[in-house]
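Novice: Have a look at this one before I ask anything.
What follows is calculated from the coordinates using simple rules that are stated; it is not laboratory data. Every value quoted in this text rests on a predicted model; they were computed, and no experiment measured them. Reconstructed Cβ throughout: ideal geometry from the backbone, glycine too, with neighbour counts over all protein chains shown.
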Amino acid sequence: MEHIVSIPVGPQHPALKEPESFMVDLQGEKIDAVRMRLGYNHRGIEKGCEQRSYTQDLYLVERICGICSYAHSTAFVQAVEEIAGLEIPRRALYIRTLVAELERIHSHLLWLGVAGHEIGFDTLLMYTWRDREQVMILLATLTGNRVNYGLNTLGGVRRDIIAEQMPGILKVMDSLEERTKYYIEIAQTEETLRQRLAGVGKLTKEDALLLGAVGPTARASGVDRDTRRDDPYGAYGEVSFKVVTDQHCDVYGRTVVRLGELMESYSIIRQLVKNMPEGPVLVKAPRRVPAGEAVSRYEAPRGEDVHYVRGNGTEKPERVKVRAPTLANTQAVAKMLEDGYLADLPIVIAAIDPCFSCTDRMIGIKDHGDGERRTMSWDEVSRYGVDFYRRKGIDPSRIVLRGGSAA
Amino acid sequence: MIAAASLFQMLIFPGFLFLVLLGLTGQFVDRKLYARFQNRVGPPWFQPVADFFKLLGKETVIPEEADGRMFRLAPVFALGAVIASSFYIPMWNVKSLFPFEGDLIVVLYLLLIPTLTFFLGGWYSRSVFSTLGAVRSITQLFAYEIPLLIAVISPALLANTWSISGMIQYYSAHPGRWLFNLIGFAVAMVTLLGKLEKVPFDIPEAETEIVAGTFTEYSGRFLAFFRLAIDTEAIVAASLVAAVFLPFGFGLAPWLAFIVYLAKIFAILAILALLRTVFARLRLDQMIDFCWKVVAPVAFLQVLVDLVVKELI
């Protein structure tokens, strides 16, 4: 009976779209233990921000995530605007909120498709991604890009939405609402789907609070928490919407919450389009941002996204810190996988809607000899790289190390 | 002369070459329908052939740990068993190539071999994903094989013969009696999904869990032949189901009977494609529960129906 097989799910595995390692100990089909390892996708964005001006940083933080790019860009710009004490025109806030909700729609539809794929229901994937295309096209029409919209700037937004574009937005909302109702019906009636989702990846309310889960993951465990309502930013204070929660505490609940949030997003967008105020979309921002610090909270599609920015009176920030929602949810994954089946592993991981490359912030180097973690200085890394290529027969002798000495 | 004719029948028509071409066509029909059901464009008609030849030209990697001989032989055995079983299934003629009393059981036995080769090929690959896929293959086999067996032998009970050719003679002599076997037909369709490892029973090769299961380490021509064996198995299994459960149109002119045969095969493939479109993949324990608690009792119901009908007529 005590026959344990370890299988590596990741860093490269068809279930994961990003490099992340889950070492799964299996007893038959049952999961005995899961060892998680983050850090395969560290890109040094926070450090990069310190070496660029605030405006340049905007485009850099937008590239933290490919799906919720606008979440990071807005969270960052909100923090900087708070330090600079800028008063943002109402129309700009409305446009930001509009794009934020469109992003939530495309992200949730994307998630629904991925979830379908993880449980072998590719038809759902094809259907939802076809419908998602409408939002992508709409976003491209409004902002010029399908992802990484480049819409935000210090003091407002770079593009206005003209009156002629409004009917198009509403048309897409009507069409998507119809489709979402259909998906809700499928989720309620399709037997294999229900069997694969219900009771899988249990996370009780207590555990969700204890492990600091955020976003739809927490709300599906009955935690009534949503930054849009609790700490309104943008135009959320001026629209009415309800925070969708669910008591299922499993993957099925997370699906219900996301589908419910889609319906809320359609309603929010309709209100925004209807009440869009007239006026400018941009105020002039100073090149130098005064010294000060600010924390900005933002309800990204995956949960609360937190940005911390500290300025020192120059054109460049002194420190930028990003807490992506996936980092808050990863702890909960290990809990959800306890006593689960291998077959449920992909959908349980997918159910938090992970975005690992947004999460990865640091790198730990593991020496396989003694199993201890070590850190390397920049010079050591350079030297290691040079030696590595030299052993392969490539001579990098013309490369000059940072100390000034040729390798 | 007779030997030469037999050889022609076995290797060219309606044997190996014909089945392989039909298998590739079947793969195209399945993929195209699957794509259309999902609102996609789908592949062009020559895609399966192109895939096959492309795989033949690819580098073949055999893992160092693997048992090279078993690894190489598994696809050949799979294809061989499938082709061999087709010799005992009447396709559009009343008689199969080599009919004898009891060929029904032999066909079922031969159709079991591909699954065994999935197990052996996966097991001897030695990789964790392959091994898990292999174990899942064989576990799943115990779930669907018994209901399939019961479903397929119940029409034979009614016809009072263990030969498929004999069954066709019986049902041709008594047209309409195959309608008693519709429950068995449904059971056979469900279990075929398991046999062909298609959604919702594609557990042994669940991509998002164990990469490609048995076939994880396979590449190049061995993978090409494994896939060819699976495509051909789909055709042969569909032929078996058509012969056992849809025994009509055999007495017609040869060309007409041939068209009726193709229509039946492609209808069965279309139903399989539809089924794999509308379901999510089940978990192994759910699949076994479903097969034993739902499908097997329904298959027994079919046996009961046939026994009662036999008493009454």
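Novice: What distance in nm lies between label points placed 7 Å from Cα along the C-beta direction at B:A253 and A:E293?
Specialist: 9.1 nm
Novice: Something else about it: Which values, in whole Å and largest first, are the semi-axes of the equivalent ellipsoid of segment B:133-203 obtained as the square root of 5 times each eigenvalue of the Cα gyration tensor?
Specialist: Result for segment B:133-203: semi-axes of 29, 12, 8 Å.
Novice: Taking H placed 1.01 Å from N in the peptide plane, check which residues at least 5 places from A:A300 or on another chain put their amide H under 5 Å from its amide H.
Specialist: A:D305
Novice: Within 10 Å of each Cβ of A:111-122, how many other protein chain Cβ atoms are there on average? It would help to have the intermediate numbers written out before the result.
Specialist: Numbers: counts 0, 0, 0, 1, 1, 1, 3, 6, 10, 14, 7, 9.
Mean inter-chain Cβ contacts per residue within 10 Å come to 4.
Novice: Tilt of helix B:16-37 relative to the longest C-alpha principal axis of chain B, in degrees (0 to 90, nearest 10)?
Specialist: 80 degrees
Novice: Ok, one more. Give the residue list of trypsin sites (Lys or Arg not before Pro) in segment B:159-255 that are DSSP loop and have at most 12 other beta-carbon atoms within 10 angstrom.
Specialist: Passing both the DSSP loop test and the Cβ count: no residue.
Novice: Further, regarding this structure: Picking from B:P254, B:F215, B:Q302, whose Cα lies most toward the positive end of the charge dipole for chain B (charges on Cβ: Lys, Arg +1; Asp, Glu -1)?
Specialist: B:P254
Novice: To make sure I understand, if each residue's beta carbon is the centre and we count other beta carbons within 10 Å, what order do B:Y170, A:Y94 fall in, fewest to most?
Specialist: By the 10 Å Cβ count, ascending, the order reads B:Y170, A:Y94.
Novice: While we're on this one: What is the fewest-to-most order of B:W178, B:W292, B:W255 by other Cβ atoms lying within 10 Å of their Cβ? Walk me through the numbers on the way to the answer.
Specialist: Values: B:W178 23, B:W292 15, B:W255 9.
If I rank by nearby Cβ atoms, fewest first, I get B:W255, B:W292, B:W178.
Novice: Also: Report the longest stretch of chain B that contains none of the GluC sites (Glu not before Pro) sitting in a DSSP loop with at most 11 other Cβ atoms within 10 Å.
Specialist: The answer is B:102-313.
Novice: Also: Report the full-extension gain for the segment B:I146 to B:A35: residue separation times 0.36 nm, less the Cα-Cα distance, to one decimal in nm. It would help to have the intermediate numbers written out before the result.
Specialist: Values: separation 111, 0.36 × 111 = 39.96 nm, distance 3.17 nm.
Taking B:I146 through B:A35 to full extension adds about 36.8 nm, to one decimal.
Novice: Apply the Karplus parameterisation 6.51 cos²θ - 1.76 cosθ + 1.60, with θ equal to phi minus 60°, to every residue of segment B:194-208 and state each ³J(HN,Hα) to the nearest whole Hz, in sequence, with x for glycine and proline.
Specialist: Computed from phi, the couplings for segment B:194-208 are x, 5, 8, 6, 10, 3, x, 10, 8, 4, x, 10, 4, 4, 7 Hz.
Novice: Taking 0.36 nm per intervening residue step and subtracting the Cα-Cα distance, what contour gain separates B:L21 from B:M70 on full extension?
Specialist: Working: separation 49, 0.36 × 49 = 17.64 nm, distance 2.66 nm.
Stretched out fully, the B:L21 to B:M70 stretch lengthens by 15.0 nm.
Novice: Please rank B:V278, B:V199, B:V82, B:V106, fewest neighbouring Cβ atoms within 10 Å first, as an exposure proxy.
Specialist: B:V278, B:V106, B:V199, B:V82
Novice: Ratio of Rg to Rh for the protein assembly as shown, alpha carbon only, Kirkwood?
Specialist: Ratio value, two decimals: 1.05.
Novice: Hey, what angle do you get for helix B:296-312 against the long axis of chain B, alpha-carbon based, 0 to 90 degrees rounded to 10?
Specialist: Here the helix axis deviates by roughly 20 degrees.
Novice: Hey, another quick one. Any idea what % of Cα-Cα pairs in segment A:45-336 are farther than 36 Å? If you can, show how the numbers build up before the last one.
Specialist: Working: 6711 of 42486 pairs.
Within segment A:45-336, distances greater than 36 Å cover 16 percent of Cα pairs.
Novice: What's the FRET efficiency of B:D285 with B:A263 using the Cβ-Cβ distance as r and R₀ = 45 Å, to the nearest 0.05?
Specialist: That gives a FRET efficiency of 0.75.
Novice: Scan segment B:100-148 for chymotrypsin sites (Phe, Trp or Tyr not before Pro) in coil per DSSP, keeping those whose Cβ has at most 15 other Cβ atoms within 10 Å, and list them by number.
Specialist: B:F100
Novice: Can you give me the Kirkwood hydrodynamic radius for segment B:2-312, using every pair of distinct Cα atoms, in Å to one decimal?
Specialist: Over segment B:2-312, the inverse of the mean reciprocal pair distance is 19.9 Å.
Novice: Okay, next question. Length gain on complete extension for the stretch A:D160 to A:N148, per 0.36 nm per residue less the alpha carbon to alpha carbon distance?
Specialist: On the way: separation 12, 0.36 × 12 = 4.32 nm, distance 1.68 nm.
Additional length available on full extension: 2.6 nm.
Novice: I've got another one for you. For the modelled label position 7 Å from the Cα of A:I4 along Cα-to-Cβ, which residues of segment A:13-32 have backbone nitrogen atoms closer than 18 Å?
Specialist: The answer is A:22-32, whose backbone nitrogens lie closer than 18 Å to the label point.
Novice: Obtain the nm distance between the two label points defined at A:I184 and B:F53 by a simple spin-label model: each point lies 7 Å from its Cα along the Cα-to-C-beta direction.
Specialist: 5.3 nm
Novice: Can you give the FRET efficiency to the nearest 0.05 for B:A3 and B:N160, using r as the Cβ-Cβ distance and R₀ = 25 Å? Each step should come with its number before you reach the end.
Specialist: Values: r = 34 Å, r/R0 = 1.34.
The value I calculate is 0.15.
Novice: If you don't mind, there's one more thing I want to ask. For labels at A:Q331 and A:T55 in the simple 7 Å Cα→Cβ model, what's the distance in nm?
Specialist: 4.0 nm
Novice: Here are some pairs, A:K205/A:K335; A:K202/B:K198; A:K30/A:K202; A:K242/A:K335; A:K30/A:K335; A:K202/A:K335; which of them have Cα atoms lying more than 18 Å apart in this structure? Write down the numbers at each step before the final one.
Specialist: Working: A:K205/A:K335 12 Å; A:K202/B:K198 28 Å; A:K30/A:K202 15 Å; A:K242/A:K335 28 Å; A:K30/A:K335 15 Å; A:K202/A:K335 8 Å.
As for pairs spanning more than 18 Å Cα to Cα, those are A:K202/B:K198; A:K242/A:K335.
Novice: Longest segment of chain A with no GluC sites (Glu not before Pro) in a DSSP loop having at most 11 other Cβ atoms within 10 Å?
Specialist: Values: sites that count: A:E2, A:E87, A:E278, A:E372.
The reported range is A:88-277.
Novice: Which helices, taking whole DSSP H runs in chain A, have alpha carbons extending 18 angstrom or more along the helix axis plus mean Kyte-Doolittle at least -0.5?
Specialist: Long hydrophobic helices here: A:69-84, A:90-118, A:122-143, A:166-189, A:251-275, A:325-337.
Novice: What is the helix-to-structure angle for B:68-86, meaning the angle in degrees between its Cα long axis and the longest Cα principal axis of chain B, kept from 0 to 90 and rounded to the nearest 10?
Specialist: Helix B:68-86 and the main axis of chain B meet at about 20 degrees.
Novice: Farthest toward the dipole's positive end in chain A, which of A:P301, A:P317, A:G199, given Cβ charges of +1 (Lys, Arg) and -1 (Asp, Glu) about the Cα centre?
Specialist: A:P317
Novice: I would also like to ask the following. Just going by the charge dipole of segment A:17-98, with Lys and Arg at +1 and Asp and Glu at -1 on Cβ, which of A:G28, A:Y59, A:H42 is farthest out on the positive end?
Specialist: Of A:G28, A:Y59, A:H42, it is A:Y59.
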